[in-house]
Amino acid sequence: MSETQVLTEQITLTLPDGSTRRYPKGVTGNDVAKSIGRKLYEDALGIKVNGKLRDLNLPIEQDATVEIVTFDSDEGKELYWHSSSHLMAQAIEELFPGTKFGAGPAIENGFYYDISSPHRFTEDDLRKIEERMMEIAQRDLVITREELPHSEAVEYFKTRRIDPYKVEILEGIKEPIVSIYHQGSFSDLCTGPHLPRTSKLKAVKLTGISASYWRGDSSREQMQRIYGISFPSEKLLKQYFAQLEEAKKRDHRKLGQELELFLISPKVGSGLPIWLPKGAIIRQELENFLKEEQFKRGYQAVYTPHIGSIELYKTSGHYPYYKDSQFPPITFTDETGKEEQYLLKPMNCPHHHQIYAAKPRSYRDLPIRLAEFGTVYRYEQSGELNGLTRARGFTQDDSHIYCRQDQLQEEICNVIELTQMVFSTLGFKDVETRLSFRDKSNKSKYGGTDELWEQAENDVRTAAERMNLKYFIGIGEASFYGPKIDFIVKDAIGRRWQLGTVQVDYVMAERFNLTYVGSDNKEHRPVIIHRAPFGSMERFIGVLIENFAGDFPLWLSPVQVAVLPIVDALNDYAQEVTEKLKANKIRAELDERSEKIGKKIRDAEVKKIPYMFVIGEKERATQSVAVRRHKEGDRGSMPLDEAMAKLKEEILLKK
């Protein structure tokens with residue numbers, strides 16, 4: 001082949017919208033971004049080639065699907081923050097020569113680096129490091145990837161860039177080729193990818209220092225961990241910290257205590273929430289709401305025990321697959337000398353499979369929709385626990401639908417519609433959808449055959465498209481027994497929470513030998529749909545508390561009306577009003593304290609009670625109430641019956 005032919009050889013790249021473009025072989029992600037538009041080129045951080053994230057400056061040698069990655073995506077943030085940790089390490093090395101570096105990953109919000117240094121870092125040091133990071137950014141250093149044979153990389157970190165931590169990391173890597181990233185005089189062992197240039201860093205804040213141990217092992221040397229977060233603009237940095245301040249005000253742990261919703265007692269145990277009466281009302285209202293919707297849709301309620309034989313979970317695969325996230329088995333010897341083992345229930349589904357298997361099933365019986373608010377137990381590390389949103393004991397609004405293959409699409413779509421209705425009712429309008437598929441490069445993590453997985457993933461994708469869901473694919477996010485549709489909601493201050501889920505499962509019917517007799521008089525396997533619109537009741541309510549900042553809609557509010565007599569002489573009529581409200585199933589609380597009405601109103605506002613019925617002489621004389629709305633103020637006086645009718649309508653409509 002001539003030199004001219006090589007230079008003009010073309011490849012075809014497919015863009016996310018399905019369009020194709022021709023480029024010279026060896027084109028880089030930077031070139032592709034620039035050809036699409038100047039703004040995209042400026043915002044580009046990396047490129048996905050056939051689904052794999054890569055550096056922008058690496059050549060593309062063959063036809064491929066490509067997607068330019070920016071800070072707007074989770075992958076873009078992770079790349080940006082990982083590169084920022086390298087940039088921080090370079091700044092530390094320049095300011096504090098002799099520092100050695102352990103691990104420096106991106107985390108959920110930002111990054112950290114574990115460092116070994118005789119210098120004890122202070123808050124003043126963090127400000128100096130920030131300044132040096134921005135100075136390095138302004139140098140506009142090109143960030144390059146170098147691939148080396150494993151032995152040469154070990155030699156590099158032993159003799160040229162002396163760092164025993166990197167040598168130890170390399171000793172645990174079996175790949176023959178490893179990569180090192182360079183930016184100016186700084187180099188670091190890393191798989192990448194990274195930003196193309198240091199000038200992409202526009203704003204940074206180092207947020208804290210803590211002690212850590214090398215590789216998380218308390219028997220190893222102690223290190224210092226420096227945390228930070230960075231953004232491609234100063235505006236985004238300011239927005240982030242403004243959001244943090246707002247999040248502190250909305251913290252469900254703080255509001256849960258102030259509003260008397262739940263408690264976590266050390267005597268009961270970490271990660272085991274106790275619902276107080278007011279919190280129990282919120283939970284009951286949510287459960288009743290979903291139970292009514294499930295009844296309309298043909299679900300049957302069931303109840304299952306909180307523990308089960310370990311053999312049940314070995315059959316399902318939950319014990320080997322989730323062993324590290326479960327409480328230890330309960331082992332004992334019964335009165336006959338037989339040893340038995342039980343597990344605190346980690347999942348509800350194996351119990352539901354026993355209900356299905358309890359009697360023969362015909363194709364005419366399907367679909368069978370079993371539903372339970374079932375409490376499960378998972379062992380979470382103490383450092384991971386977070387009030388209601390990360391607990392060790394929690395209740396799932398679990399349902400398992402057993403259906404024929406020809407019923408599957410309709411059932412998935414119905415479940416999606418139910419989940420959308422739940423989110424809409426509760427005010428979550430901004431919902432993303434992730435199709436969570438398996439990682440084909442790590443098949444040992446999953447049960448079932450390739451054929452079953454391909455069928456299940458196709459079923460999920462088809463249903464999502466039928467329901468016009470705008471989705472993205474999450475490789476490696478599937479359950480061990482099947483792909484999922486995960487719903488990710490954005491709350492009032494822009495944070496994202498993964499809540500409801502729908503899963504398609506061809507594996508468990510095989511494991512539990514679940515069958516039905518078809519119209520051909522032969523046995524067939526049902527397809528199983530696992531679904532939970534709320535996910536975990538605890539987590540969902542924790543998110544609701546923060547989303548509403550404790551200002552629940554009327555139908556969910558533990559106390560819906562505060563009845564406030566102006567003077568003690570009006571307590572009898574106020575009591576009469578309170579009883580009438582309760583008789584109409586409106587949750588009311590009478591404030592009989594001998595306090596000024598202004599204080600009573602302020603206290604009701606602090607308690608976030610939606611309505612206040614103020615009782616004066618005029619109201620008693622006319623059998624009326626003066627209505628006030630939380631945060632809005634006076635709505636005027638009206639007959640008690642009219643006021644109650646308005647409240648009942650608002651409750652019914654779940655406004």
> Going through segment 457-475 one residue at a time, which ones are surrounded by 21 or more Cβ atoms within 10 Å (Cβ to Cβ) and over 21 Å from the mean Cα position of the chain (by Cα)?
Replying inline: Ala463
> For segment 518-525, does any single residue satisfy the condition of being over 24 Å from Leu276 (Cβ atoms) and either under 20 Å from the mean Cα position of the chain (by Cα) or not in a loop (DSSP other than H, G, I, E, B) (or both)?
Replying inline: yes
>> Quick check on my filter: what residues within segment 294-316 are closer than 16 Å to Tyr377 by Cα, open to solvent by less than 40 Å² (accessible area, probe 1.4 Å) and either of a type in the set (Lys, Arg) or in a loop (DSSP other than H, G, I, E, B) (or both)?
In response: Thr304
> Of all residues in segment 576-592, how many are open to solvent by less than 30 Å² (accessible area, probe 1.4 Å) and over 9 Å from Ala562 (Cα atoms)?
Replying inline: 3
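Return a yes/no flag: does segment 260-270 have any residue that is among the acidic types (Asp, Glu) and not in a loop (DSSP other than H, G, I, E, B).
If we filter segment 260-270 for residues that are among the acidic types (Asp, Glu), which is where we start, we get 260.
So of that shortlist, the ones also not in a loop (DSSP other than H, G, I, E, B) come out as none.
There is no residue in segment 260-270 that is among the acidic types (Asp, Glu) and not in a loop (DSSP other than H, G, I, E, B).
Listed here are the residues, each with its yes/no results for (1) open to solvent by less than 40 Å² (accessible area, probe 1.4 Å); (2) over 30 Å from Arg364 (Cβ atoms).
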residue	(1), (2)
Gly387	yes, yes
Phe394	yes, yes
Asp397	yes, no
Arg404	no, no
Cys413	yes, no
Leu426	yes, yes
Lys429	no, yes
Lys440	no, yes
Tyr446	yes, yes
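Do we find a residue being open to solvent by less than 40 Å² (accessible area, probe 1.4 Å), part of a helix (DSSP H, G or I), touching a Leu at 6+ places or on another chain (Cβ under 9 Å) and not hydroxyl-bearing (Ser, Thr, Tyr) anywhere in segment 170-192?
Here is the first cut: in segment 170-192, the ones open to solvent by less than 40 Å² (accessible area, probe 1.4 Å) are 170, 178-183, 186-190, 192.
Restricting the remaining residues to those that are part of a helix (DSSP H, G or I) gives 170.
After this cut, where a residue has to be touching a Leu at 6+ places or on another chain (Cβ under 9 Å) as well, the list is 170.
Filter once more, so that each one left must be not hydroxyl-bearing (Ser, Thr, Tyr): 170.
Scanning segment 170-192 turns up at least one residue that is open to solvent by less than 40 Å² (accessible area, probe 1.4 Å), part of a helix (DSSP H, G or I), touching a Leu at 6+ places or on another chain (Cβ under 9 Å) and not hydroxyl-bearing (Ser, Thr, Tyr).
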>> Among (1) within 25 Å of Leu344 (Cα to Cα); (2) surrounded by fewer than 12 Cβ atoms within 10 Å (Cβ to Cβ); (3) of a type outside the set (S, T, N, Q), there is one condition Leu263 misses while meeting the rest; what is its number?
In response: (2)
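A quick yes/no check of all residues on (1) open to solvent by 40 Å² or more (accessible area, probe 1.4 Å); (2) in a helix (DSSP H, G or I); (3) closer than 24 Å to Asp74 by Cβ:
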{"position": "Glu451", "(1), (2), (3)": "yes, yes, no"}
{"position": "Gln455", "(1), (2), (3)": "yes, yes, no"}
{"position": "Glu477", "(1), (2), (3)": "yes, no, yes"}
{"position": "Ile485", "(1), (2), (3)": "no, no, yes"}
{"position": "Val489", "(1), (2), (3)": "no, no, yes"}
{"position": "Gly494", "(1), (2), (3)": "no, no, yes"}
{"position": "Gly500", "(1), (2), (3)": "no, no, yes"}
> Restricting attention to segment 69-91, which residues are open to solvent by 30 Å² or more (accessible area, probe 1.4 Å) and touching a residue at least 60 places away in the same chain (Cβ under 8 Å)?
Replying inline: His82
> Can you name every residue in segment 321-348 that is closer than 26 Å to Lys443 by Cα and open to solvent by 60 Å² or more (accessible area, probe 1.4 Å)?
Replying inline: Tyr321, Tyr322, Lys323, Asp324
> Out of Leu554, Leu544, Leu647, which single residue is assigned to a loop (DSSP other than H, G, I, E, B) and buried (at least 19 other Cβ atoms within 10 Å of the Cβ)?
Replying inline: Leu554
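The values are calculated or read from the model by the stated rules, or taken from the named source; none is laboratory data. Every value quoted in this text rests on a predicted model; they were computed, and no experiment measured them. Cβ coordinates were reconstructed from backbone atoms using ideal geometry, including for glycine residues, and neighbour counts include every protein chain displayed. Side chains included, ligands, DNA and RNA excluded: accessible areas come from the protein's heavy atoms. Shrake-Rupley method; radii C 1.70, N 1.55, O 1.52, S 1.80 Å.
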